[in-house]
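These notes concern the structure reproduced below.
The values are calculated or read from the model by the stated rules, or taken from the named source; none is laboratory data. Bear in mind that the values here come from a model prediction, so they are computed numbers and not experimental data. Cβ: placed from backbone, ideal geometry, glycine included. Neighbour counts: every protein chain shown.
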Ligand code: IPM
Ligand code: MG
């Protein structure tokens, strides 16, 4: 990696805990930039409720233009409770995120589920069921029911959403997922509801077609209801899981409990040149601004940015190992603490962020000394 290549990173803090968690991810990236002599240029833009308040739009033109010109995007979260129960709201924070994903054609959403030894007891599942779990979800992100025709009939008694997929949409995400499985344990579970849905029958037939190019990958089809059950019954059976937009949304929230908390789950949304990186969790308005949020999912998303957008594997590992190190020392945010966690080990957002940053910096210093 040439040290003179400038990388433009657009930060979209968004709503709720978004600003708190992106602050620490950006700080980690800044430290890495300094330590490894990578000129990262940061810009910040509005999205979600914050953008609606300032401009009336959840994705202002200026934000979209900034993102289109970026090398990578770091997003916090979008969402505000005031819209959730209001069916008449025409403008919603989530529309900003969905439009951004669609405009940048970010069709492949990677969500890795990893077990941290130190956190096995934070999960509601038994340690022996969890240990050794390593799953990589490929969630289709720009199609399916999220983007189909929808509407509410004027009298308000009938509403509908349409789930549709094209062969092309399935082929491109399936190809990426099979390629990933080749570099891992060589198993791919394709999750659908082909016993009921036409779109799932097309999904299944297309995945079988793509699988012919990957004879070294074992393809397993699973209905989504069974997959939801198998994920907590025996998560170790999964390697790569390929699924559509809505099923992927639901299953990855479920799978987050395997790693202890939604607060630990990063994601990468990829297609061509630009990658977007965001935690799987939402804006958590109940704890926003209270210095209680877990910044680790966003910091791990920054690590995914270094790996997938910039091919900076060493730098990416440095963030991941620093987070693992802080967890091994027993430090916890509230979401991953349990009744056995000593009270003095329960950290605020800023405390755990500072500890992780110190680890990153001391490890960088060590590697410079060697
Ligand atoms: C996610 C989120 C989003 C989604 C919301 C905020 C629109 O839940 O990234 O998983 O449903 O895709
Ligand atoms: Mg979700």
Next on the checklist: Can you find, within region 62-108, the residue that is farthest from ligand 1 (Cβ to nearest atom) among those that are in a loop (DSSP other than H, G, I, E, B) and without any contact (Cβ under 8 Å) to a residue 24 or more places away in the chain?
Outcome noted: 88
Next on the checklist: I need the full set of residues from region 280-306 which are surrounded by 22 or more Cβ atoms within 10 Å (Cβ to Cβ), more than 19 Å from residue 70 (Cα to Cα) and within 15 Å of ligand 2 (Cβ to nearest atom), in order please.
Outcome noted: 280, 281, 283, 284, 297
Item to check | Complete set of residues in region 21-47 that are outside any helix (DSSP H, G or I) and free of Cβ contacts under 8 Å to residues at least 40 places away in the same chain | outcome: 37, 39, 40, 41, 42, 43, 44, 45, 46
Checklist outcome for this item: Only unsatisfied item for residue 321, checking (1) buried (at least 21 other Cβ atoms within 10 Å of the Cβ); (2) within 19 Å of the chain's Cα centre (by Cα); (3) in a helix (DSSP H, G or I), is (1)
Checklist entry - Hey, among 191, 196, which residue is touching a strand residue (DSSP E or B) at 6+ places or on another chain (Cβ under 7 Å) and either surrounded by 17 or more Cβ atoms within 10 Å (Cβ to Cβ) or assigned to a loop (DSSP other than H, G, I, E, B) (or both)? => result 191
Item to check | Some residue of region 144-161 being touching a helix residue (DSSP H, G or I) at 6+ places or on another chain (Cβ under 7 Å) and assigned to a strand (DSSP E or B) | outcome: yes
Checklist outcome for this item: Reported set for region 239-269 where residues are more than 11 Å from ligand 1 (Cβ to nearest atom), closer than 11 Å to residue 111 by Cα and either out of contact with any helix residue (DSSP H, G or I) (no Cβ under 7 Å at 6 or more places or on another chain) or modelled with pLDDT of 95 or more (or both) is 240, 241, 242, 266, 268
Checklist entry - How many residues does region 251-276 hold that are more than 15 Å from ligand 2 (Cβ to nearest atom), part of a strand (DSSP E or B) and closer than 16 Å to residue 137 by Cα? => result 1
